[in-house]
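Peer 1: Before I ask anything, here is the structure I am working with.
The values are calculated or read from the model by the stated rules, or taken from the named source; none is laboratory data. As the structure is a computational prediction, the values presented were derived from the model and not from experiment. Quick reminder, even Gly has a Cβ in these numbers, built from the backbone with ideal geometry, and neighbours come from all protein chains shown.
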Amino acid sequence: MVSVTAAKKNIQELAAPVPYETVPLSEASGRVLALPVHAPADVPGFHQSAMDGYAFTWQCWQQLPLEVHGRIPAGFAEQEPLSPQYAVRIYTGAALPPGADTVVMQEKTVLHQARLFIQDERLAPGANVRLRGSEVAAGQLALEAGSYLHSGSVGFLANMGVYEVPVHRKVRVTLIITGSELVQPGAPLLYGQVYEANSWSLRAALQHLPVQVQQVLHVPDNLHQTIQAINTAVIQSDVVLITGGVSTGDYDYVAEALHACGTQFLFHKVKQKPGKPLLFARSGQTLLFGLPGNPAAVLTCFYEYVWPAIEQMAGLCNTRLQQVQRRLTARVVKKPGLTCFMKAICNTEEVTPCMAQESYRLSSFHTANCLLVLEEDTTAYSPGDLVKVHLLPDRLPY
Ligand SMILES: Nc1nc2c(c(=O)[nH]1)N[C@H]1C(S)=C(S)[C@@H](COP(=O)(O)OP(=O)(O)OC[C@H]3O[C@@H](n4cnc5c(N)ncnc54)[C@H](O)[C@@H]3O)O[C@H]1N2
Ligand code: MOO
């Protein structure tokens, strides 16, 4: 049996970023940038008016009355330098004519017989002008490799004229759900059968990652079928998640099947609760996780081990798994020798363990927004103790 720390280290060492591909910008959202993007040109590409108003040269205005001459809508470029005694009508987004350096908003002016009177006490030289290259200068690093591309990133890339981007391909995941007792929600349940929850919770969690779910294979507790499913999954996946059948019962075939498939066993059993029978193996570049079947153990192991592995394989440079410290609100006791992950609710200061901690129960996972981490060798915690908390990355409070 390995410690939680050793298990995590082992996974971290083997989770290599998947290769990258170039995709059109329209497909970049939700992907991870594989190479840095340098600005191909200055943005803005010219000194640009930020307001509808009048552009002029500050220093000339200090000395001369200004006469309005000409107009420059957005999209038009006036090449002629602005003569000292003139201001030009200009609109938001338009290029300043050479020589102009300041824009006054039209609301702050009075125009009388083509003379411009400015009534703006706070106007300063350079006001209302977006300088060329002020957003990003040509050649400057704009987005770092490993950045997650969301709406803001895609907009920024478009703004720079970038129309295709090198992104890691999605991490390909296959789920193998084992258990002869399982029935899909919607179908009638016979006595002794249970509704299958693990494929549902895992798919829901995977939606928050740059993942392509290749297939969900359902297999009964049968060695031959488990071997077949593993062989199918390995060929098409970077990560294989197997639920159930990893313990030591007569109908638990996952370990045996993984051996038969020639996978390399890395660990089986971790000093933790829930999810003690957690199993980790690999076949070439494919990582295989045997997640102990109890539904809350599956999700706990997913967030603690699989989520960070997938983030790393996706090429992300930052993790959304935040570890924080909070004051415990209740007394908690535990056995020594096992790290415990408790479903809990935390706010900015405190953390409270949920009821229903048993690993067959998912109701606590519905209410939890974090996992409270109780250290391997500690046996009791008191209210007020500072404890480690792992925020569940896909639970923004509503
Ligand atoms: N003698 C021992 N028995 C057990 C041990 C042990 O160390 N010695 N460990 C227990 C722990 S801890 C866990 S966790 C489970 C894990 O066992 P398996 O991975 O073999 O899981 P199963 O036996 O297949 O299922 C356990 C439990 O979860 C239900 N289940 C399984 N898959 C699903 C699913 N997709 N949706 C809903 N529910 C599911 C299944 O019906 C069982 O009730 O082993 C303990 N036993
Ligand atoms: O630890 Mo198991 O994961 O309790 O049910």
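Okay, residues lined up against (1) outside the structural domain of residue 157 (by TED's automatic domain parsing); (2) modelled with pLDDT of 95 or more; (3) out of contact with any Gly (no Cβ under 8 Å at 6 or more places or on another chain):
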site	(1), (2), (3)
29	no, yes, yes
56	yes, yes, yes
76	yes, no, yes
85	yes, no, yes
92	yes, yes, yes
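Peer 1: Given the criterion away from ligand 1 (no atom under 15 Å from the Cβ) and closer than 29 Å to residue 313 by Cα, identify the matching residue among 205, 158, 197.
Peer 2: After applying the criteria, what remains is 158.
Okay, residues lined up against (1) closer than 30 Å to residue 277 by Cβ; (2) among the hydrophobic types (A, V, I, L, M, F, W, C):
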| residue | (1), (2) |
| --- | --- |
| 8 | yes, no |
| 11 | yes, yes |
| 34 | no, yes |
| 47 | no, no |
| 68 | no, yes |
| 72 | no, yes |
| 79 | no, no |
| 87 | no, yes |
| 115 | no, no |
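Peer 1: Let me ask something else. For the stretch 341-366, enumerate the residues that are aromatic (Phe, Trp, Tyr) and crowded, with 19+ Cβ neighbours inside 10 Å.
Peer 2: 341, 365, listed by residue number.
Peer 1: Could you list, in sequence order, all residues of the stretch 297-345 that are of a type outside the set (D, E, K, R), touching a helix residue (DSSP H, G or I) at 6+ places or on another chain (Cβ under 9 Å) and part of a helix (DSSP H, G or I)?
Peer 2: 298, 299, 300, 302, 303, 305, 306, 307, 308, 309, 310, 312
Peer 1: Could you check the stretch 360-398 and list, in sequence order, the residues that are closer than 15 Å to residue 304 by Cα and of a type in the set (S, T, N, Q)?
Peer 2: Within the stretch 360-398, 369 is the sole residue that qualifies.
Peer 1: With in contact (Cβ under 8 Å) with a residue 60 or more places away in the chain, surrounded by fewer than 18 Cβ atoms within 10 Å (Cβ to Cβ) and not charged (D, E, K, R) as the only criterion, which of 46, 56, 117, 76 stands out?
Peer 2: 46
Peer 1: When only residues in the stretch 139-154 that are in a loop (DSSP other than H, G, I, E, B) and under 13 Å from the mean Cα position of the chain (by Cα) count, which is farthest from residue 30 (Cα to Cα)?
Peer 2: Step by step, filter the stretch 139-154, then rank; the result is 146.
Peer 1: I'd like the full set of residues that are buried (at least 19 other Cβ atoms within 10 Å of the Cβ) and in contact with a strand residue (DSSP E or B) (Cβ under 6 Å, 6 or more places away or on another chain), limited to the stretch 59-73.
Peer 2: Once the filter is applied, which keeps residues that are buried (at least 19 other Cβ atoms within 10 Å of the Cβ) and in contact with a strand residue (DSSP E or B) (Cβ under 6 Å, 6 or more places away or on another chain), the stretch 59-73 yields 66, 72.
Peer 1: Quick one: count up the residues across the stretch 318-332 that are modelled with pLDDT under 95 and not hydroxyl-bearing (Ser, Thr, Tyr).
Peer 2: 4
Peer 1: Okay, next question. Scanning the stretch 281-291 for residues that are crowded, with 24+ Cβ neighbours inside 10 Å and touching a residue at least 60 places away in the same chain (Cβ under 8 Å), which turns out nearest to ligand 2 (Cβ to nearest atom)?
Peer 2: Selected residue: 291.
Peer 1: Given the criteria of a type in the set (Asp, Glu) and closer than 30 Å to residue 237 by Cβ, does residue 107 qualify?
Peer 2: no
Peer 1: Something else: Can you tell me which residues in the stretch 279-296 are out of contact with any strand residue (DSSP E or B) (no Cβ under 6 Å at 6 or more places or on another chain) and either within 9 Å of ligand 1 (Cβ to nearest atom) or assigned to a helix (DSSP H, G or I) (or both)?
Peer 2: If the condition is that a residue be out of contact with any strand residue (DSSP E or B) (no Cβ under 6 Å at 6 or more places or on another chain) and either within 9 Å of ligand 1 (Cβ to nearest atom) or assigned to a helix (DSSP H, G or I) (or both), then 292, 294, 295, 296 are the ones that fit.
Peer 1: Would you be able to tell me the number of residues in the stretch 233-270 that are within 15 Å of ligand 2 (Cβ to nearest atom), part of a loop (DSSP other than H, G, I, E, B) and of a type in the set (Val, Ile, Thr)?
Peer 2: Of the residues in the stretch 233-270, 2 are within 15 Å of ligand 2 (Cβ to nearest atom), part of a loop (DSSP other than H, G, I, E, B) and of a type in the set (Val, Ile, Thr).
Peer 1: Give the stretch 184-202 a look and list any residue that's of a type outside the set (Phe, Trp, Tyr) and loosely packed, with under 15 Cβ neighbours inside 10 Å, or say none.
Peer 2: 184, 185, 186, 187, 188, 189, 190, 192, 193, 194
Peer 1: Still on this structure, I have one more. Enumerate the pairs (first residue in the stretch 387-398 and closer than 7 Å to residue 370 by Cα; second residue anywhere and at pLDDT below 95) with beta-carbon separation below 7 Å, excluding pairs fewer than 6 apart on the same chain, so at least 6 apart or on different chains.
Peer 2: Matching pairs, first to second residue: 390/321; 391/322.
Peer 1: Okay, moving on. Of everything in the stretch 155-213 that's part of a strand (DSSP E or B) and among the hydroxyl-bearing types (Ser, Thr, Tyr), which residue is farthest from ligand 2 (Cβ to nearest atom)?
Peer 2: 174
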